[in-house]
Amino acid sequence: MDPIVQAASRIDTDRVVELASAFCATPSPRGEERWLAEVIAEVLDRPGIDFHIEDVVAGRPNVIARVAGNGERAPLVLNGHMDASVHPGPWQNDPADPWVSEGRLFGGGVTDMKGALAAMVAAVEAASEWPSLPGDLVLHAVMHHDTIGLGAKYALASEGPHRGFGICGEPSGLSIHTGNGGALKFEVKLMGRSAHVSRLEEGVDALEAAVDVYQAIKALAWEHEACERLPDLPRLQVGELQAGTAPAAVADTAIVRGDLRTVPGMDRVSVKRAIEEAVSEACPGGVTSRVRIIAVQQPFLGATDGPFVEALSAAHTQIRGTAPKVTNELPGQAFVTDAADMAAAGLETVVYGVGDWHYAPNEWVDIGELADSARVYLAVAAAFA
């Protein structure tokens, strides 16, 4: 039997929905990945799968699983992160109590990225009964993706592999996504002097300064060389302002935080310098400032063609009935993914995952796409040699 057809037949849709529902029913905000790791480990504890749980920091583990192949090709790594932020609402139902409606699975974190993680676990589960894979199939279910990719960095540094192929399951709508920007998150702290409204003249208003700083940073023309594959970057959002202690008091401190999505060649030193100069010019007398870069991830430029992309495209086409889009467009272009670390470690990598992510209530994935993504993962593992 054709291995793609055979792979498709071995994935049960209800099983993938069951896994995705169980994962969404196990909240795993940043710092609390352990319980989801235990759920995944329980699924993978079966003959044919070598797995282990390893703390990256105390109480925050990765789950690593491997189905051995015959060595005909280098390993294929499936990467999915366990930490999931869930929009605070209002949701139609409890996001930790997933539900199915009109062919869709709704649940907290299902697009980013518990749906894809469930599809990957289902593929590994089915692969454990495959007669002979051409190469190892490896699952990295990682903690703390959030910008810096700590879990993926640790897994790759501690045990690799450092050659082979990788699929990062971030939501791509089952398009093959080939590139995204890096990220530099920053914090500006402004310090003035507090005073009561009755003594305004004695105060130095850090909040007023923060408004000017916000405008100055938004107006920056970032020094960079344009990247043909990331034409919509750099891209900036200043999304957080904290200031003051009381309505009638001059704010003695203000904190402004933002996120710059970067192209290759942009680095934290030059970006910090540009922010410092803008802040210095915007701040009035009496306000002092401090700028910090608080998170960094590099850009990802992955494979756009070649045998691996062709194998993934062929599996998708045969299973879904239409060819996948190979793209680097927005919104994925402005995502931050562990694909950057996979590629840096030596893996030929693409992003391919279910869902069209929005940070919004009532996250959902199409159940047919969810199950088909698991079929594609297994088909690539079985047919790509």
With the requirement that a residue be more than 21 Å from Val43 (Cβ to Cβ) and at pLDDT 95 or above, what does segment 125-143 give you?
Pro134, Gly135
Of the residues Ala311, Ala371, which is touching a residue at least 40 places away in the same chain (Cβ under 8 Å), part of a helix (DSSP H, G or I) and open to solvent by 10 Å² or more (accessible area, probe 1.4 Å)?
Ala311
Given (1) at pLDDT 95 or above; (2) outside any helix (DSSP H, G or I); (3) under 15 Å from the mean Cα position of the chain (by Cα), Thr147 misses just (1)
Residue count for segment 335-354, restricted to those that are closer than 12 Å to Pro171 by Cα and open to solvent by 10 Å² or more (accessible area, probe 1.4 Å):
2
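Just checking, does segment 202-220 include any residue being in contact with an Asp or Glu (Cβ under 7 Å, 6 or more places away or on another chain), assigned to a helix (DSSP H, G or I) and crowded, with 17+ Cβ neighbours inside 10 Å?
Here is the first cut: in segment 202-220, the ones in contact with an Asp or Glu (Cβ under 7 Å, 6 or more places away or on another chain) are 206, 216.
Next, from what is left, pick out any that are assigned to a helix (DSSP H, G or I): 206, 216.
Next, only the ones that are crowded, with 17+ Cβ neighbours inside 10 Å stay: 206, 216.
Scanning segment 202-220, I find at least one residue that is in contact with an Asp or Glu (Cβ under 7 Å, 6 or more places away or on another chain), assigned to a helix (DSSP H, G or I) and crowded, with 17+ Cβ neighbours inside 10 Å, so the answer is yes.
From the list Ala303, Ala323, pick out the single residue that is in a loop (DSSP other than H, G, I, E, B) and modelled with pLDDT under 95. Break it down stepwise before answering.
Values: Ala323 fails: modelled with pLDDT under 95.
Going through Ala303, Ala323 in turn, the sole match is Ala303.
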(1) surrounded by fewer than 24 Cβ atoms within 10 Å (Cβ to Cβ); (2) at pLDDT 95 or above; (3) over 24 Å from Leu156 (Cα atoms); (4) small (Gly, Ala, Ser): which one isn't true of Ala360, the others all being true?
(2)
Hey, Gly179 hits all of (1) in contact with a strand residue (DSSP E or B) (Cβ under 8 Å, 6 or more places away or on another chain); (2) in contact (Cβ under 8 Å) with a residue 60 or more places away in the chain; (3) surrounded by fewer than 22 Cβ atoms within 10 Å (Cβ to Cβ) but one; which does it fall short on?
(3)
Name the single residue, out of those in segment 222-274 being in a strand (DSSP E or B) and touching a His at 6+ places or on another chain (Cβ under 9 Å), that is surrounded by the most Cβ atoms within 10 Å (Cβ to Cβ).
Thr262
Of all residues in segment 314-333, which are closer than 15 Å to Cys168 by Cα and either among the acidic types (Asp, Glu) or surrounded by 18 or more Cβ atoms within 10 Å (Cβ to Cβ) (or both)?
Asn328, Gly332, Gln333
Residues (buried (at least 24 other Cβ atoms within 10 Å of the Cβ) and either β-branched (Val, Ile, Thr) or free of Cβ contacts under 8 Å to residues at least 60 places away in the same chain (or both)) located in segment 112-158
Val121, Val124, Val138, Val142
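With of a type outside the set (Lys, Arg) and on the phi > 0 side of the Ramachandran plot as the only criterion, which of Gly306, Gly368 stands out? Give the derivation first.
Numbers: Gly368 fails: on the phi > 0 side of the Ramachandran plot.
After ruling out the rest, the residue left standing is Gly306.
The values are calculated or read from the model by the stated rules, or taken from the named source; none is laboratory data. All values derive from a computational prediction rather than experimental measurement. As a convention, Cβ positions derive from the backbone with ideal geometry for all residues, glycine included, and neighbour counts pool all protein chains shown. Side chains included, ligands, DNA and RNA excluded: accessible areas come from the protein's heavy atoms. Shrake-Rupley method; radii C 1.70, N 1.55, O 1.52, S 1.80 Å.
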